[in-house]
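Encoded as structure tokens, the structure appears first; notes follow it.
Nothing in this text is a laboratory measurement; each read-out follows from the coordinates by a stated rule. No experiment lies behind these values; they were computed from the predicted model shown. Cβ placement follows ideal geometry from the backbone for every residue including glycine, while neighbour counts extend to all protein chains displayed.
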Amino acid sequence: MTARSSVVIRLAGESGEGVISSGDILTQAAARGGYWTQTFRTYPAEIKGGPCMYQVRMGGERIYSHGKRVDLLVCFNQEAWDLHWDSLAPDGVILYDQTAVEIPEAYAARARPVRMEQLAREIGGSLRAKNMVAVGAVAGVISFTTTPIEELVLRRYAHKQGVADANIAALRAGGDEGADLRGSLAIVDPVEVEEDRILLSGNQAIAVGAVAAGLRYFAGYPITPASDILEWLSAKLPQVGGITIQCEDEIASISSVLGASYAGAKAMTATSGPGLSLMTEMLGYAGTAEIPCVIVDAQRGGPSTGLPTKTEQSDLQHALYGGHGEAPRVVIAPTTVEDCFWSAIDAFNYSERYQVPVILLTDQGLATRMEVIHRPDTSAVELWQRATAAGVQGGYRRYELTPDSVSPMGIPGQEGGQYVATGIEHDEHGHPAYTPENHVAMQTKRWAKLEPLRNGIVRHESYGDERPDIAIIGFGSTYGAVREAIDLARAEGLSVGAFYPRVLGPFPAERVEAFCAGARRVVVPEVNFTGQLARLVRGECGLRVESHAKCDGLPFTAEDVLDVITERTPA
Amino acid sequence: MSTAPAKRKPADYKSGLKPIWCPGCGDFGVLASLYRAFAELDLDPARTVVVSGIGCSSRLPGFVSTYGFHSLHGRPLPVAMGVKLANPELDVIAVGGDGDGFAIGAGHFPHAARRNVDITYLVMDNEIYGLTKGQVSPTSLTDQRAPSTPWGNLETPLNTLAFAVASGASFVARGASFNTKALTELIVQAMEHRGFSYIDALSPCVMFNNHQEEWKELVTDVAPDHDVHDKAAAFDLALKGGFKLGIIYREQRETLGQKYQALVEASKASDVDAMLDAFSARKGAAIGKPTA
Ligand SMILES: Cc1ncc(C[n+]2csc(CCOP(=O)(O)OP(=O)(O)O)c2C)c(N)n1
Ligand code: SF4
């Protein structure tokens, strides 16, 4: 049997049973053992109980999506089998606890009972060691050395030698369980590489990226799936001299962020759809008063309170157009966890240079998945600062009409830069002014200053054929699955390529049109109900596009996208 | 011999923009008191920020030559908090109306107070919505007839002084626009106070709720023997109603800014590279050597 380049492992059971911790340990160990990984999890919105699932895909080469067909399914309880059996690959292997799960006869040859509970109690010293038995069994089946796992255990229980020993014994006992299955899903050995890699989530990547960009004030209100950003920054921001504050609501969060930015600090807030709705009035203010700020929207299933723990890309239109009047903003959609880091820096850079609010549009899938990525080279980080009124000599005009429409900003403390920031239409001095000429001039200024983002300086993402027969236009977190699907489709001889605008507002219509110029089909996959991106592409580019919108709360898999590309009916 | 630089005068804080208020509006008296208080404190216009919400009263920052932030209806307090926390060197005062502060903005008030953010909040209380032409506000009297209450106001007015004390404001006072000398003094004391200071300034709306003459009759000063450090006495005074002018409560307690400052100083200094190290997937890296 030849070793596989990657395996998809799915652990399933009741929330609180150790499913998540098993997945976490496996992911950490895989990353430290030299594998590329990506995770995907579903969990109930309730705190205790309810089915949960943790999927780890690990392999010898960079992994872009979480995978569809499950090679190795670990069932902690009967419900896990009932919910997940039909995701199994044709040669998929099942590990299960015989005391809790019954596997149909037809699967018996590929199923292997593992005494999770019994061994946890007898060897691991407590039922809690169940996860170690499970992880040990998984390691056995895929021929993954347990060394990195044991290192993790030793570190975790550094102060409790007894617990560490018991856990390691449970791990090894789990590994011994399926001697007959050992290595049946053997995975290639990771290649020893020089480069540095890190393992983190999309939320974490945005948080560190923001710190790298110079973030010094963060305010937020807890909401799934954005809360980790608030939590991580609460711990870390003081270490660089900054402040994180948990506000009374999202309105206060963004208001205080604008106050802090007005006072000269780089400031950010993070939320999900419901919070973005509350922030919308202030978002319009920021655009009008020209105050830089960054707003992370980790989208989740909507509408309303919707599906708090499920993914969706349905805030696109809100991010682009939400609010009264027509207020400028920039919308960036990061494509991968690695891109989350760089996008946070871009967000601050654009925000500072153009004195505009920037929305970073991720989603539950991207925000919470763990990915092994190249460690960002911080020496390559380039930072832009806003133009300020330092040194102005008399006659300062805050909203001066300049050739590039960007006007120097007075920062409290700067002599001679005094002005009143206001959302009321104002003249160059910032004084209320309602003449038709003035309103036209100011609206023009506020929108014109963003043109460089439409036409030049932005780094977009593309993959596959440059002049494809089948052109895919997508945004954000679907990138990985699309990328893998393109590899599969090209292997079948098809001409396919994808273009991912990283900045969606202002929309790079010319770039999209140019990319699609020779295409027979333009395909737009997205995770929402109404096909928001497809409509945007139709409207901005006048192209005929096929919308492939889905809103089942789950991210696209490469196979889903391949079905779209090949026009096959889904398997 | 060098001479001390001349102290700034009230006129130095005039922006030159003419207030848009109706002739006789109480807000003129508040603005005059503010100019005088700023002059008395000799505030540096380049390091002073006046934040407001939306309403007639909230147009005030435009008439002052300092930095200003004319924000959104109900939002001056969180904005002012962000300004102050981002740059503790600045003198920050938030101003606005009773509708702005206690209807749409009421959710922010107790939090600014309990956090003890070092800002002053000056509410021009006319017991009515001025800018939207005379609807009742949360401080309007029961039975008051207004465009939105043609049968009389069915609601009970909010006692903002008691609310402030209950919320943990560390300085609570009341002044009146028609008593500029005393109001000036209150603003000076509030700005000098370290922590969240709240001033309710009676400021008649001559257009829609002209109580000026009644109010002049009703106001009396807080008794000289009132113990401003006694919270129960402060509540008592606030609940008694009537119009007592002066400081009703004052306490010295650490501000949110000071606490954050201490937190920053106590944190071990770090940088992005160290933060990235914590995510390192290198073998043996972040997980360290096994500790036997
Ligand atoms: C979100 C929002 N809702 C409503 C308004 C309309 N509005 C403007 S000012 C105001 C009330 C003003 O009353 P108050 O705060 O007491 O100030 P005054 O004008 O009396 O000084 C209202 C309701 C608004 N600007 N924004
Ligand atoms: S409407 Fe009332 S509050 Fe507004 S300016 Fe006129 S008098 Fe003052």
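How many Å³ per residue does the convex hull of the Cα positions in chain A occupy?
It comes to 158 Å³ per residue, whole-number rounded.
Using 0.36 nm per residue of separation minus the Cα-Cα distance, give me the extension gain between A:ALA517 and A:ASP404 in nm, one decimal.
In short, 37.6 nm is gained.
Can you give the FRET efficiency for B:ASP143 and B:ARG194, using 1/(1 + (r/R0)^6), R0 = 45 Å, r = Cβ-Cβ distance, to the nearest 0.05?
Efficiency, rounded to the nearest 0.05: 0.65.
Roughly how big is the stretch B:1-133's charge dipole about its Cα centre, with Cβ charges of +1 (Lys, Arg) and -1 (Asp, Glu), in debye to the nearest 20?
Its charge dipole is roughly 220 debye.
With charges set only on the Cβ (+1 for Lys and Arg, -1 for Asp and Glu), what does the dipole of the stretch A:1-129 come to about its Cα centre, in debye to the nearest 20?
560
Would you pull out the residues with amide H under 5 Å of A:THR362's amide H, same chain only if 5 or more places away, H placed 1.01 Å from N?
Those lying under 5 Å, H to H, from A:THR362 are A:ASP297, A:ALA298, A:GLN299.
Given R₀ = 51 Å, what would the calculated FRET efficiency be for A:HIS159 paired with B:LYS9, taking r from the Cβ atoms and rounding to 0.05?
Between A:HIS159 and B:LYS9 the formula returns 0.15.
Quote the FRET efficiency, to the nearest 0.05, computed for A:TYR434 versus A:ASP249 with a Förster distance R0 of 41 Å and r equal to the Cβ-Cβ distance.
Given R0 = 41 Å and the Cβ-Cβ separation, E is 0.80.
How big is the charge dipole of the stretch B:79-229 about its Cα centre, in debye rounded to the nearest 20, if each Lys and Arg gets +1 on its Cβ and each Asp and Glu gets -1 on its Cβ?
Charge dipole, the stretch B:79-229, about its Cα centre: 420 debye, nearest 20.
Taking neighbour Cβ counts within 10 Å as the exposure measure, how do A:VAL8, B:VAL222 sort from fewest upward?
Least to most surrounded, the residues fall as B:VAL222, A:VAL8.
What full-extension length gain, to one decimal in nm, is calculated for A:LEU83 and A:THR566 as 0.36 nm per residue of separation minus the Cα-Cα distance?
171.1 nm
What is the fewest-to-most order of A:ARG353, A:ARG300, A:ARG62 by other Cβ atoms lying within 10 Å of their Cβ?
A:ARG62, A:ARG353, A:ARG300
Obtain the nm distance between the two label points defined at A:ARG62 and A:ASP196 by a simple spin-label model: each point lies 7 Å from its Cα along the Cα-to-C-beta direction.
Result for the modelled spin labels: 1.8 nm.
What is the fewest-to-most order of A:LYS68, B:LYS84, B:LYS268, B:LYS216 by other Cβ atoms lying within 10 Å of their Cβ?
Fewest-to-most ranking of A:LYS68, B:LYS84, B:LYS268, B:LYS216: B:LYS268, B:LYS216, A:LYS68, B:LYS84.
Using Cα atoms only, what is the angle between the long axis of helix B:231-240 and the major principal axis of chain B, expressed in degrees (0 to 90) to the nearest 10?
In chain B, helix B:231-240 runs at an angle near 30 degrees to the longest axis.
Under 20 Å from the 7 Å Cα→Cβ point of A:ILE424, by amide nitrogen: which residues of the stretch A:251-273?
Zone members listed by number: A:259.
Summing -39500 (n - 2.57) over the DSSP H runs of n ≥ 4 in chain B and dividing by its residue number, what mean residue ellipticity at 222 nm do you reach, to the nearest 500 deg cm²/dmol?
Using -39500 (n - 2.57) per qualifying helix, the result is -9000 deg cm²/dmol.
State the Cα centre-to-centre distance between the stretch A:208-264 and the stretch A:159-190 in whole Å.
Distance between centres, Cα-based: 41 Å.
Angle check, please: helix B:76-86 long axis (alpha carbons) against the longest principal axis of chain B (alpha carbons), in degrees 0 to 90, nearest 10.
Computed tilt is about 40 degrees.
Could you list the residues of the stretch B:144-158 with an amide nitrogen less than 17 Å from a label point located 7 Å from the Cα of B:LEU218 in the Cα-to-C-beta direction?
Hits in the stretch B:144-158 for B:LEU218 at 17 Å: B:144-146, B:153-158.
Given the -39500 (n - 2.57) contribution per DSSP H run of 4+ residues, what per-residue ellipticity at 222 nm results for chain A, rounded to the nearest 500 deg cm²/dmol?
It comes out at -11000 deg cm²/dmol, rounded to the nearest 500.
Quick check on the stretch B:1-87: take the gyration tensor over C-alpha atoms, sort the square-rooted eigenvalues as a ≥ b ≥ c, and tell me if it's rounded (a/c under 1.5), prolate or oblate.
It comes out oblate by the Cα gyration axes.
With labels modelled as points extended 7 Å from the Cα through the Cβ direction, what inter-label distance (nm, one decimal) is found for A:ARG538 paired with B:ALA106?
The answer from the label model is 4.6 nm.
Let me know the mean shielding of B:267-275 by other chains, meaning the per-residue number of their Cβ atoms within 10 Å of its Cβ.
The per-residue average across the peptide is 6.
Please work out the Cα center distance from the stretch A:380-449 to the stretch A:284-304, rounded to the nearest Å.
Computed from Cα coordinates, the inter-centre distance equals 21 Å.
Averaged over its residues, how many other protein chain Cβ atoms are within 10 Å of peptide A:406-413's Cβ atoms?
The mean count of partner-chain Cβ atoms within 10 Å per residue comes to 4.
With a cut-off of at most 11 other beta carbons within 10 Å, and DSSP calling the residue loop, which trypsin sites (Lys or Arg not before Pro) in the stretch A:406-463 qualify? Please list them.
A:ARG459
Just in the stretch B:134-173: which chymotrypsin sites (Phe, Trp or Tyr not before Pro) are loop by DSSP and have at most 15 other Cβ atoms within 10 Å?
Taking the stretch B:134-173 and a limit of 15 other Cβ atoms within 10 Å, the loop chymotrypsin sites (Phe, Trp or Tyr not before Pro) found are B:TRP151.
Can you give me the distance in nm between label points at B:GLU155 and A:ALA3, each placed 7 Å from the Cα along the Cα-to-Cβ direction?
For B:GLU155 paired with A:ALA3, the spin-label model returns 7.1 nm.
For peptide B:253-260, how many partner chain Cβ atoms fall within 10 Å of a residue's Cβ, on average?
Mean shielding by partner chains, rounded to a whole number: 1.
Check B:ALA176: other-chain or 5+ apart residues with amide H under 5 Å from its amide H, H built from backbone geometry?
B:LEU183, B:LEU202
Percent antiparallel among DSSP beta bridges with both residues in the protein assembly as shown, to the nearest 5?
In the protein assembly as shown, DSSP labels about 35 percent of beta bridges as antiparallel.
Please give the Cα centre distance for the stretch A:306-348 versus the stretch B:220-254, rounded to the nearest Å.
The stretch A:306-348 and the stretch B:220-254 have Cα centres separated by 49 Å.
How big is the antiparallel share of DSSP beta bridges in chain B, given as a percent to the nearest 5?
20
Restricting to the stretch B:24-158, what percent of DSSP beta bridges are antiparallel, rounded to 5?
In the stretch B:24-158, approximately 5 percent of DSSP beta bridges are antiparallel ones.
Angle, helix A:250-262 long axis vs. longest principal axis of chain A, Cα atoms, 0 to 90°, nearest 10?
Helix A:250-262 sits roughly 50 degrees off the main axis of chain A.
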